Structures are given as structure tokens and as C-alpha cells.
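Quick notes on the structure that follows.
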Amino acid sequence: MKITSITLNDLFIQYIEIIEPLQSEQTIRTKKGYYRKHIQNRFGDKDINTLGYREYQLFVNDLLKSGLKPKTVKNIKDILQVMYKMANKLGYTDKNPLSDIELPKFDNKLHFHYSLEYQQKLIKAILEFDEPIYKDIFFFLLHGRRLNEVLSLEWEMVDLNKMIYYIPAKINKAKRNMAHMMGKDLYDRLSVYYHQACVKQGKLIPKGYIFLNPKTGKKFVDLRKPWKRLLASQNLPHTRIHDIRHLIGTYSINHLEIPIEKVSHTLGHTSIEITQKYISASPETSKEVFEKIISSL
């Protein structure tokens, strides 16, 4: 195979061009951030064929020594490995030096250790939060959705007549299309936004994102400040927004004794190694899980 010289920077530009239409905005933003912060200064101007196993293993070792978590280092290494895989397809190289890179074993499981009392207080805090648009976003997260899924949800992904919303592969971590039925409370809240969007846009069927930042009129980027206000409103200790998903899993399985297969579907897992083994479920599942959570309080 004829090898064409190319720098890592130029390869990354082509890599982003190819994957950008296929992956979520958050995923692309994360990969660009990792590249700029950790990879670019060290290897960006170098020809990819001058870099081998030794350079990349030492790079990984240095990242670990700097205090980065093994999972983060693996994510950075994986970006490079996929870039080389693409470079092979494009004829820039016939090797992938990242294939043999070694990382320490690590347990990436996140344990939700909060008491049952705290779990119930957190759910109530979300239901009683007095900042409407943030309350509705956090309320949507109680249905098992990831934050980026909710913030990236557009009107074309919602069918109010059937009371179903769709999470396309592009905006979810599982990279597969998903459908979930909404309960009456979620339907009522989305209906309000639907009619507001129709009036604002002057259309019978609105377009664009469902939740827009009222200050910018654009998609929300960061909700950490309103989340902190929510916690402070009920004197709750620090908890990450992402912990809502761990709360749903823990509370549903351990307290409500909902079958793990249904919880797996609700959280959008592709397997139940995160919940145990992948089992298909109907769109009604997440609605059932959510309603049992609320009725248990």
C-alpha cells in the first residue's frame, strides 16, 4: 500500500469532518477538548508514521502520572486509536501503534451510596423546584434520560398525539434509536412548550430544540448553576446531575423492586453489564418506571 505523509493535526481535522454528522454535539465537543488539551501540543505537528508504540505508551504513562483517571486516559487513547484506524482506511498508514498500548485495570462502576431517605428527598426537590424551565428539564431527567438527550431533543423527535418521544442514535450514548412513551405529567409539560413554540414561530408545527435558554434563545450548554440552586433549596449535599440516573437505577431496583430489564431499558442501556444483559422492552417501560417512582413517595 502506498503511504501518504500526514500530520496528526491534519488527520484529526479529517477525522472530525467524517464523524461530526454521525455523533452528538457533546461527543464531538468532548473529543475536540481532549485533543486540544492533551494531544495537540505533544504530537500535533508530527507525521503519524513517525510515531510508534514507544511514543504513545510513554504518552499514556505521563497522562496517568499527571493524575488523570485511568478511564479518562483510556478515552484519550481510544480517540487516537480510532484516528489511526481511519488513517489506515484512507491510505495514510498501514499500522496502528495504539493497539498494543497497556493501561492499568480499573473499576469504572459508580456507586450511588446515598440513603433511601436522601434519594426520596432528591426526587421531591426536583418535583418542587420553583424555576419552571429548569424544573421541567430535571423532571425529564427523572425519566432516565441523559442530560444531553434532553437538551438535544427537537420537536421532530416528539409525537404528542401518540405520547411518544424518540431519542435518535445521534444524540444518545448507546448509538441506537430509542422510543419512550410519556406519562400525562410529561405530556402536559411538553404540550405547554409546544404551543409556546407554535406561537413564537408562527407555525402549526414548531421546529428546533424543545428547551431553549431564555437568555440566549439557543440550546442550553451548562446547567450546573441551576442544579446547585435546586440542591441548596432543600439543603441537600453535593450531587451531580448525572447522579439522577444512578438514583433511578438504585431506587427502582432496590426499593421498588422493578425488574432490572425494565430499568435497563428506561436508562437506555444496551446491555445489563451496566444493568446485566440486554433485553428488549416496549416504549411503555420508562413511563411505568417513572410513575412507580412518583407514586412511591
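The values are calculated or read from the model by the stated rules, or taken from the named source; none is laboratory data. In this text, all values refer to a predicted model and were calculated from it rather than measured experimentally. Reconstructed Cβ throughout: ideal geometry from the backbone, glycine too, with neighbour counts over all protein chains shown.
Please go through the range 1-35 and give me each residue that is of a type outside the set (Val, Ile, Thr) and over 30 Å from Glu154 (Cα atoms), ordered by number.
Correct list: Met1, Lys2, Ser5, Leu8, Asn9, Asp10, Leu11.
Looking at the structure I just gave you, is Thr50 over 28 Å from the mean Cα position of the chain (by Cα), of a type in the set (Val, Ile, Thr), exposed (fewer than 15 other Cβ atoms within 10 Å of the Cβ) and in the same structural domain as Ile18 (by TED's automatic domain parsing)?
Answer is yes for this residue.
Within the range 1-30, how many residues are at pLDDT below 90, loosely packed, with under 15 Cβ neighbours inside 10 Å and either in contact with a His (Cβ under 9 Å, 6 or more places away or on another chain) or of a type in the set (Val, Ile, Thr) (or both)?
2
Check the range 184-204 and report whether any residue there is hydrophobic (A, V, I, L, M, F, W, C), part of a loop (DSSP other than H, G, I, E, B) and free of Cβ contacts under 8 Å to residues at least 60 places away in the same chain. Walk me through it before giving the result.
Step one: list which residues in the range 184-204 are hydrophobic (A, V, I, L, M, F, W, C), which gives 186, 190, 192, 197-199, 204.
Remaining after also requiring part of a loop (DSSP other than H, G, I, E, B): 204.
Going one step further and asking which of them are free of Cβ contacts under 8 Å to residues at least 60 places away in the same chain, we end up with 204.
Yes, the range 184-204 contains a residue that is hydrophobic (A, V, I, L, M, F, W, C), part of a loop (DSSP other than H, G, I, E, B) and free of Cβ contacts under 8 Å to residues at least 60 places away in the same chain.
Quick one: Lys184 ticks every box in (1) over 21 Å from Leu147 (Cβ atoms); (2) touching a Gly at 6+ places or on another chain (Cβ under 8 Å) bar one, so which box is it?
With (1) over 21 Å from Leu147 (Cβ atoms); (2) touching a Gly at 6+ places or on another chain (Cβ under 8 Å) applied to Lys184, the lone miss is (2).
With the checklist (1) charged (D, E, K, R); (2) touching a residue at least 12 places away in the same chain (Cβ under 8 Å); (3) closer than 30 Å to Ile171 by Cα in hand, flag the one item Arg29 doesn't pass.
(2)
Could you give me the residue pairs with C-beta distances under 6 Å whose first residue belongs to the range 64-89 and is assigned by TED's automatic domain parsing to the domain that holds His38, whose second residue is of a type in the set (D, E, K, R) wherever it lies, and which are 6+ apart or on separate chains?
Close Cβ pairs satisfying both conditions: Ile79/Lys31.
Just give me the residues in the range 156-170 being surrounded by 21 or more Cβ atoms within 10 Å (Cβ to Cβ) and not in a strand (DSSP E or B), in sequence order.
The answer is none; no residue qualifies.
Please go through the range 206-222 and pick out each residue that is of a type in the set (A, V, I, L, M, F, W, C) and either in a helix (DSSP H, G or I) or out of contact with any helix residue (DSSP H, G or I) (no Cβ under 7 Å at 6 or more places or on another chain) (or both). Don't jump to the end; show me each part of the working.
At the first step, the residues of the range 206-222 found to be of a type in the set (A, V, I, L, M, F, W, C) are 210-212, 220-221.
Across the range 206-222, the qualifying residues are Leu212, Val221.
Among the residues of the range 236-266, which ones are modelled with pLDDT of 90 or more and farther than 19 Å from Phe139 by Cα?
none
Based on this model, can you work out whether His269 counts as assigned to a loop (DSSP other than H, G, I, E, B), modelled with pLDDT of 55 or more and not polar (S, T, N, Q)?
Working: assigned to a loop (DSSP other than H, G, I, E, B): yes; modelled with pLDDT of 55 or more: yes; not polar (S, T, N, Q): yes.
Here the answer is yes, as His269 does meet what is asked.
How many of the residues making up the range 69-104 are outside any helix (DSSP H, G or I), surrounded by 14 or more Cβ atoms within 10 Å (Cβ to Cβ) and of a type outside the set (A, V, I, L, M)?
Of the residues in the range 69-104, 5 are outside any helix (DSSP H, G or I), surrounded by 14 or more Cβ atoms within 10 Å (Cβ to Cβ) and of a type outside the set (A, V, I, L, M).
Of all residues being in a helix (DSSP H, G or I) and of a type in the set (Phe, Trp, Tyr) in the range 115-148, which is nearest to Ser296 (Cα to Cα)? Just the residue, please.
Tyr118
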